[in-house]
1. Keeping to segment 122-145, report how many residues are assigned to a loop (DSSP other than H, G, I, E, B) and touching a residue at least 40 places away in the same chain (Cβ under 8 Å).
2. Among the residues of segment 32-50, what is the count of those that are open to solvent by 80 Å² or more (accessible area, probe 1.4 Å) and at pLDDT 75 or above?
3. So residue 216 ticks every box in (1) in contact (Cβ under 8 Å) with a residue 60 or more places away in the chain; (2) within 22 Å of the chain's Cα centre (by Cα); (3) buried (at least 16 other Cβ atoms within 10 Å of the Cβ) but one. Which box is left unticked?
4. Name the pairs whose Cβ atoms lie under 6 Å apart, with the first residue in segment 275-301 and under 21 Å from residue 110 (Cα atoms), the second exposed (fewer than 12 other Cβ atoms within 10 Å of the Cβ) and modelled with pLDDT of 80 or more, and 6 or more positions between them or separate chains?
5. Looking for something surrounded by fewer than 19 Cβ atoms within 10 Å (Cβ to Cβ) and farther than 21 Å from residue 149 by Cβ - is there at least one such residue anywhere in segment 192-212?
6. Go over the candidates 174, 202 one by one and state the one that is on the phi < 0 side of the Ramachandran plot, in contact with a helix residue (DSSP H, G or I) (Cβ under 9 Å, 6 or more places away or on another chain) and modelled with pLDDT under 90.
7. Here are the criteria: (1) of a type in the set (Ser, Thr, Tyr); (2) farther than 22 Å from residue 111 by Cα; (3) at pLDDT below 75. Tell me which single one residue 24 does not satisfy.
8. So residue 302 ticks every box in (1) within 15 Å of residue 126 (Cα to Cα); (2) aromatic (Phe, Trp, Tyr); (3) part of a loop (DSSP other than H, G, I, E, B) but one. Which box is left unticked?
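The values are calculated or read from the model by the stated rules, or taken from the named source; none is laboratory data. Predicted model, so just to flag it, every value in this text is computed and none were measured. Here the Cβ positions follow ideal geometry from the backbone for every residue, glycine too, while neighbour counts run over all protein chains shown. To get the accessible areas, we keep the full protein, side chains included, count just its heavy atoms, and leave off ligands, DNA and RNA. Shrake-Rupley method; radii C 1.70, N 1.55, O 1.52, S 1.80 Å.
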Amino acid sequence: MEAALGIKASIRGNKVFLHGDKKSVNKAEKFIREFYLINSNGYSISPEDIKFALNAMEDTELKDLADRDDATTSPQESPSPSLKEFFLSNIPVASKKKFIVPRSEAQKIYIEAIKESDMVIGIGPAGTGKTYLAMAMAINALLNKQVSRIILARPAVEAGEKLGFLPGDLYEKVNPYLRPLYDALFDMMETEKAYQLIEKGVIEIAPLAFMRGRTLNDSFIILDEAQNTTSEQMKMYLTRLGFNSKTVINGDITQIDLPYGKTSGLVEAAKILKHIKEVRFVYFSEKDVVRHKLVQEIVKAYEKFEKSRNDTKS
C-alpha cells in the first residue's frame, strides 16, 4: 500500500498511522476501512487480494479521469472507486473459501459475460484466470441448480508429444492432459465431494474427442486450451450446445501446439463468429495475469518478442 499510494504507514497496537499528502492518506484510510468491512463479512484477505485491489482502484480512477467531462465535473466531485463494488462480483463456491473474486477489470467483464450469455470465448495468455473463473461459475451454477451437470473438456494435444508414446490405456493416456481441470476443481470443492460427483457423472472431465455425436442439454460446458483444436474439432464442439446450457471456450492463441500447417479452431472461430452478438468475446492481456509477478514479466517479454518477429516478417 505504501508503494502504490506513496505514503508511509506504521502500526502501534491496533492502530494504523498514515503519513503523506492529504489525498493519498485519505485514499489509504478509505482503502483500509473498506477492506476491514469486507474481512468482517467473512472474506479471508490475502496479500494478492490487496495488490490486485490497489491496481483495480488505480485503473478505475484513471478511466474515470479519462471519461470525465471537465466542464461539468471537478476532480473533487468525481466519485472514487469502491472496494465493496469490486468485491461484489464474487462467485460463491463449495469450498473453505467463502467466494472467488475477480482480480482485474477484464475478469469482471468475463464473469458478467458468462452470467449474461450462453457462449463466451475467452482469449488471452496463461495465468489470467480464464479456466479458474469459468470453473467457479460452473460450480456456482450447479450448486444453484441452474444446470444439472458440468462437462470439462480439453484437446489431447501438447507441445511435441503424442498419445501413443504415453503408457497405459486410453484413460491413462489422456489423464495428464486433463490434470489442470482437476486442479481447478479441487481448489474450489472438497476432494471427496468432487470425486463423488465425478463418479455419478454430474461432473465429467474428458478429452474433446469424447464430445462427438452428443447433444449437451442442461449443462455447463468448458473447453480449455481451445487454441489446440482443429477447425473440424471446433465446429464439432460448437454444435454440441443443447437447451438450457452454457459454454465457455478458453485459449491462448500465442501458444498453439498443433502440427505445422494446421489452422487453430479458436483463431478461425474468432473470425467466423465475431458478428454473432449472442457470442461474447473477452480478451485478456498480461495486465490480467494473476500468477507470480515474474510470470507477468515473462508473458510481457514473449508478447514483445512475438510482435517484433511479426514486424520483421511483414
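1. Keep residues of segment 122-145 that are assigned to a loop (DSSP other than H, G, I, E, B), which gives 124-129, 144-145.
Those left that are additionally touching a residue at least 40 places away in the same chain (Cβ under 8 Å): 124-129.
The number of residues fulfilling the criteria is 6.
2. Of the residues in segment 32-50, the ones open to solvent by 80 Å² or more (accessible area, probe 1.4 Å) are 33, 36-37, 41, 44, 47-48.
After this cut, where a residue has to be at pLDDT 75 or above as well, the list is 33, 36-37.
Here the count works out to 3.
3. Every listed condition holds for residue 216 apart from (2).
4. Here the result reads none, with nothing in segment 275-301 linked to a residue that is exposed (fewer than 12 other Cβ atoms within 10 Å of the Cβ) and modelled with pLDDT of 80 or more.
5. Within segment 192-212 (the criterion being surrounded by fewer than 19 Cβ atoms within 10 Å (Cβ to Cβ) and farther than 21 Å from residue 149 by Cβ), the answer is no, since none of the residues qualifies.
6. Working: 202 fails: modelled with pLDDT under 90.
After applying the criteria, what remains is 174.
7. (3)
8. Result: residue 302 passes all but (3).
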